């Protein structure tokens, strides 16, 4: 009898740990629209949500009170957005094939634009680790018209807090979405066109034990990703946002009216999932 109680307790705890912040099947609410191709949502207290509209080269700001308003133009085809440890906006600029930082006066300073003297392809998505290092992906989706790839591979990179650049992986075909587990012990990057998510163990600046974490059972493209406090991975992809446990099991999907490109947590409690999806901006609230 005691053994049965112990087993039930174990399974109860295991199930509780896998519960996502936003439940699969939740219905997204559209909060802004009429864009061309939105990407890179990021939330900051006091600012609200920033997101890129890639093709017109603009960054918009969304707040509950004002809706979507223009924040920066031109953004030079910005895609991924995040903040560094000093609260400065970082952005990938595909038109200029570089990673950059926005200053207090909203001028933009390049951080890196070449690897060993050769231009990046078109930096896509990025994430900042708690030590200040920046990790980013460089597929060849949007090499500017009339220009050619120079590096010869599509890489995953790290910028050290000192500014030193290192390539972490050069074997991907289309590296795209990138995020850390909450404890930063695992780095996730997806192979976009194959709808596969890979994971590494993280030890400082070193990645080890690369492995296939999950294959999305649908055709299309995997895109931006985030994790929640329970360690679940939210990957935008074919027909919605796919939710996967830390063990690589599918919990379900948040279906979206348009193909999603990225997602980010926001609002004061961090429990709203904002989703960029082609021409629209959507949100889903936690039911907690």
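The values are calculated or read from the model by the stated rules, or taken from the named source; none is laboratory data. None of the values given here were measured: they were computed from a predicted structure. All Cβ positions, glycine included, derive from the backbone under ideal geometry; neighbour counts span all protein chains shown.
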Evaluate the stretch 213-221: report whether one residue or more is touching a helix residue (DSSP H, G or I) at 6+ places or on another chain (Cβ under 7 Å), closer than 16 Å to residue 197 by Cβ and at pLDDT 95 or above.
yes
Has the stretch 94-110 got any residue that is touching a strand residue (DSSP E or B) at 6+ places or on another chain (Cβ under 7 Å), at pLDDT 95 or above, part of a loop (DSSP other than H, G, I, E, B) and surrounded by fewer than 20 Cβ atoms within 10 Å (Cβ to Cβ)?
no
Among 72, 86, which is the only one that is at pLDDT 95 or above, more than 19 Å from the chain's Cα centre (by Cα), over 16 Å from residue 135 (Cα atoms) and buried (at least 17 other Cβ atoms within 10 Å of the Cβ)?
72
Given the structure, is residue 243 surrounded by 14 or more Cβ atoms within 10 Å (Cβ to Cβ), within 30 Å of residue 29 (Cα to Cα), modelled with pLDDT of 95 or more and within 15 Å of the chain's Cα centre (by Cα)?
yes
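Go over the candidates 44, 118 one by one and state the one that is surrounded by fewer than 21 Cβ atoms within 10 Å (Cβ to Cβ) and either farther than 27 Å from residue 279 by Cα or touching a helix residue (DSSP H, G or I) at 6+ places or on another chain (Cβ under 7 Å) (or both). Spell out how you get there, then give the answer.
On the way: 44 fails: either farther than 27 Å from residue 279 by Cα or touching a helix residue (DSSP H, G or I) at 6+ places or on another chain (Cβ under 7 Å) (or both).
Within the list 44, 118, the selection yields 118.
Among the residues of the stretch 113-150, which ones are in contact with a strand residue (DSSP E or B) (Cβ under 6 Å, 6 or more places away or on another chain) and farther than 19 Å from residue 162 by Cα? Please lay out each step first, then the result.
Taking the stretch 113-150 as the starting set, the residues that turn out to be in contact with a strand residue (DSSP E or B) (Cβ under 6 Å, 6 or more places away or on another chain) are 113, 120-121, 123-128, 133-140, 150.
Across the stretch 113-150, the qualifying residues are 120, 121, 123, 124, 125, 137, 138, 139, 140, 150.
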Among what's in the stretch 257-288 and is outside any strand (DSSP E or B) and within 17 Å of the chain's Cα centre (by Cα), pick the residue that is surrounded by the most Cβ atoms within 10 Å (Cβ to Cβ).
260
Looking at the structure I just gave you, is residue 205 modelled with pLDDT under 95 and more than 19 Å from residue 261 (Cβ to Cβ)?
yes
Please indicate, with yes or no, whether at least one residue in the stretch 232-251 is under 22 Å from residue 142 (Cβ atoms) and in a loop (DSSP other than H, G, I, E, B).
yes
